[in-house]
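These notes are about the structure you will find just below.
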Amino acid sequence: MEPEEPVTMQKLAGRITVYTITGCLHCLRTKSYLTEMGLPFIEVNIKENPVIHQQIIDITGRLTVPQIYFNNIHVGGNNDFMNLSQEKLASLIDTVKNNPVPPDAPPIPELETDEGEEPVEELKSKRDEYADLVLEFKESGTIGSHWSCLKIHQKTFTGKKLVNWLMQYKDLDKTAAVDMAKDLTARKFLNPLSGKGFEDSDTLYRLIEHDSAASLNAGATAEYNPVSASKHSEAMRDLTLKLFSEHITSDGKLVDYKSMKGSTIFDKYCQLATQLQRVDLENLTRKEKLAFFINVYNALVIHGNIKQGSPKNMWQRYKFFNSVSYVIGGEVFTLQDIENGVLRGNRKGIAQITKPFSKGDPRLKVALEEAEPLIHFALNCGVLSCPPIKTYSAEEIDKELKISAVAFLDGPDSCQVDISKKEVRLSQIFKWYKVDFGGTDEKLLNWLLEHLGDSPKKKALKELLSHGDIKIASLPYDWSTNSKD
């Protein structure tokens, strides 16, 4: 036995089965606890085994993970497991030690000859035919500083200068040069500082990569043809899952952002983030918007923590969420813009005086028509009281959001029901965003009843609602960073 190995794994006649999802903190805590006890287990990732996942839902009636079995005995989730009495735990261990797996044990995938991790899906796209031209123009010395409206604009150029450069160095006549400049604008290589489209005039323009120097994906050219936001989201999802799973502590509580920075996976992620500059946001469905922007938000929080460090106080947090940004589809989106502008249907956020997007803001066209309350259980802002980091797919987004809500409400730090005091204690998320849950205590409590999983907590809330006169209180919110150091 190696010196660093804390325990010797026990031999079992039966089987412990844990149904999980990558990046789930509750799953990581369950696996860590089993490992500490020297108990081997079979892990079944429900993302990779959707048929088995549906079977487990049918058997248990639960949407959340982990779901834990000792042979054919259903223990429940992580909280159920951690709250087992010593006598019950000892009995379960004795069962799998001495009894083989019975026929009615829950399903596991068939063994495959090709072992190892499923490869991360690459985002495949052809290099844009104008990429070399843009790179050449960037180095031509044409881009500089210009005055307009008593303000100096860095890294800009006029429409005339671009047309003249194309005529002089690309041997185009004026009509062809103007058409090419219009095409570059349409392909989101450049943006006007004001107005729309391209004009052969003194109107100022800026390359998309220079549109916001503070944006974490700015400064490099998006050289590849844009793909749909849905495909981009899937690729980002795969990389984020792999990056996150390799740099989280074994107990699932903390993220090692410093080690992430030196990861080759993070380098790939940064290349993918650059391509967001020109990603196609047109004609997204509601499901595609939800999955794309939730995934981007959670990835941007990680990227911001890696590049700028974790905010330590309220002022730093306010600055972090209002400044950390990506250029997406030619427009700058901060974390606040994504959460409150897009996913909450352009509603004012905490400490915001106005709506994120004003009338005429081009970003308004990607905002959801109505706020989606379930996003509050999917967005992770990098502190301990936030929901765990997960990623989402457009096809399954509604189901996945429901699972995230049930898992969040199942935790003692998120929702408590006290019949004796006629009191419901909730995460402060419900206080800050009460309007998203109906706006009144009655509507909020009914929303909770509808979204709680089948559990003693739900039964208790139903009983309280039948009697009325319920007090709602807030639970403490832990603003401690989830950074390892």
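Numbers below:
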{"read-out": "Subset of segment 310-330 [out of contact with any His (no Cβ under 8 Å at 6 or more places or on another chain), of a type outside the set (Ser, Thr, Tyr) and closer than 17 Å to Asn380 by Cβ]", "value": "Pro311, Arg317, Phe320, Phe321"}
{"read-out": "Residue check for Thr274: crowded, with 17+ Cβ neighbours inside 10 Å and either over 21 Å from Gly329 (Cα atoms) or among the polar types (S, T, N, Q) (or both)", "value": "yes"}
{"read-out": "Criterion: crowded, with 18+ Cβ neighbours inside 10 Å, modelled with pLDDT under 90, among the basic types (Lys, Arg) and in contact with an Asp or Glu (Cβ under 7 Å, 6 or more places away or on another chain) - qualifying residue of Arg62, Arg29", "value": "Arg29"}
{"read-out": "Residues that are basic (Lys, Arg) and either part of a helix (DSSP H, G or I) or without any contact (Cβ under 8 Å) to a residue 60 or more places away in the chain (or both), drawn from segment 125-182", "value": "Lys138, Lys151, Lys155, Lys160, Lys161, Lys170, Lys174, Lys182"}
{"read-out": "Residue match in segment 277-292 (condition: surrounded by fewer than 21 Cβ atoms within 10 Å (Cβ to Cβ), modelled with pLDDT of 90 or more and touching a Leu at 6+ places or on another chain (Cβ under 7 Å))", "value": "yes"}
{"read-out": "Those residues of segment 4-19 which are modelled with pLDDT of 90 or more and of a type in the set (S, T, N, Q), in sequence order", "value": "Thr17"}
{"read-out": "Top-ranked residue of segment 221-241 - restricted to ones that are small (Gly, Ala, Ser) and closer than 12 Å to Arg278 by Cα, ranked as modelled with the lowest pLDDT", "value": "Ser228"}
{"read-out": "Count of segment 344-364 residues which are in contact with a strand residue (DSSP E or B) (Cβ under 7 Å, 6 or more places away or on another chain) and surrounded by fewer than 15 Cβ atoms within 10 Å (Cβ to Cβ)", "value": "1"}
{"read-out": "Complete set of residues in segment 68-102 that are among the polar types (S, T, N, Q), within 17 Å of Arg15 (Cβ to Cβ) and either modelled with pLDDT under 95 or loosely packed, with under 11 Cβ neighbours inside 10 Å (or both)", "value": "Asn98"}
{"read-out": "In segment 131-166, the residues that are out of contact with any helix residue (DSSP H, G or I) (no Cβ under 7 Å at 6 or more places or on another chain) and either among the charged types (D, E, K, R) or at positive phi (or both)", "value": "Asp132, Glu136, Lys138, Glu139, Gly141, Cys149, Leu150, Lys151, Lys160, Lys161"}
{"read-out": "Residue within segment 396-409 that is among the β-branched types (Val, Ile, Thr) and in contact with a Phe, Trp or Tyr (Cβ under 6 Å, 6 or more places away or on another chain) present", "value": "no"}
{"read-out": "Residues that are within 15 Å of the chain's Cα centre (by Cα) and either at positive phi or among the aromatic types (Phe, Trp, Tyr) (or both), drawn from segment 211-270", "value": "Phe244, Tyr269"}
{"read-out": "Some residue of segment 303-320 being at pLDDT 90 or above, under 19 Å from Ile208 (Cβ atoms) and surrounded by 16 or more Cβ atoms within 10 Å (Cβ to Cβ)", "value": "no"}
{"read-out": "Residues (surrounded by 16 or more Cβ atoms within 10 Å (Cβ to Cβ) and free of Cβ contacts under 8 Å to residues at least 60 places away in the same chain) located in segment 452-484", "value": "Leu452, Ser455, Lys457, Lys458, Ala460, Leu461, Leu464, Ile470"}
{"read-out": "Some residue of segment 403-424 being modelled with pLDDT of 90 or more, closer than 24 Å to Leu290 by Cβ and surrounded by 14 or more Cβ atoms within 10 Å (Cβ to Cβ)", "value": "yes"}
{"read-out": "Among the candidates Glu339, Glu288, Glu372, residue that is assigned by TED's automatic domain parsing to the domain that holds Leu239, of a type in the set (D, E, K, R) and touching a Phe, Trp or Tyr at 6+ places or on another chain (Cβ under 7 Å)", "value": "Glu339"}
{"read-out": "From Asp454, Asp469, residue being outside any helix (DSSP H, G or I), out of contact with any strand residue (DSSP E or B) (no Cβ under 8 Å at 6 or more places or on another chain) and on the phi > 0 side of the Ramachandran plot", "value": "Asp469"}
{"read-out": "Matching residues, segment 33-50, being within 18 Å of Tyr69 (Cβ to Cβ) and either part of a helix (DSSP H, G or I) or over 26 Å from the mean Cα position of the chain (by Cα) (or both)", "value": "Tyr33, Leu34, Thr35, Met37, Leu39, Pro40, Phe41, Ile42"}
{"read-out": "Filtered residue count, segment 224-251, keeping only those that are in a helix (DSSP H, G or I), farther than 15 Å from Ile397 by Cβ, among the aliphatic types (A, V, I, L, M) and touching a residue at least 60 places away in the same chain (Cβ under 8 Å)", "value": "3"}
{"read-out": "Helices (runs of 4 or more DSSP H) fully within segment 255-358 counting 1 or more residues that are closer than 20 Å to Gly219 by Cβ and small (Gly, Ala, Ser)", "value": "264-274, 286-308, 314-323"}
{"read-out": "Residues that are farther than 19 Å from Thr95 by Cβ, at pLDDT 85 or above and loosely packed, with under 15 Cβ neighbours inside 10 Å, drawn from segment 33-49", "value": "Glu36"}
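Every residue, every condition in (1) under 30 Å from the mean Cα position of the chain (by Cα); (2) under 25 Å from Ile21 (Cβ atoms); (3) acidic (Asp, Glu); (4) outside the structural domain of Asp454 (by TED's automatic domain parsing), yes or no:
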position	(1), (2), (3), (4)
Ile68	yes, yes, no, yes
Asn72	no, yes, no, yes
Asn78	yes, yes, no, yes
Phe81	yes, yes, no, yes
Lys88	no, no, no, yes
Pro103	no, no, no, yes
Pro106	no, yes, no, yes
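The values are calculated or read from the model by the stated rules, or taken from the named source; none is laboratory data. In this text, all values refer to a predicted model and were calculated from it rather than measured experimentally. Cβ: placed from backbone, ideal geometry, glycine included. Neighbour counts: every protein chain shown.
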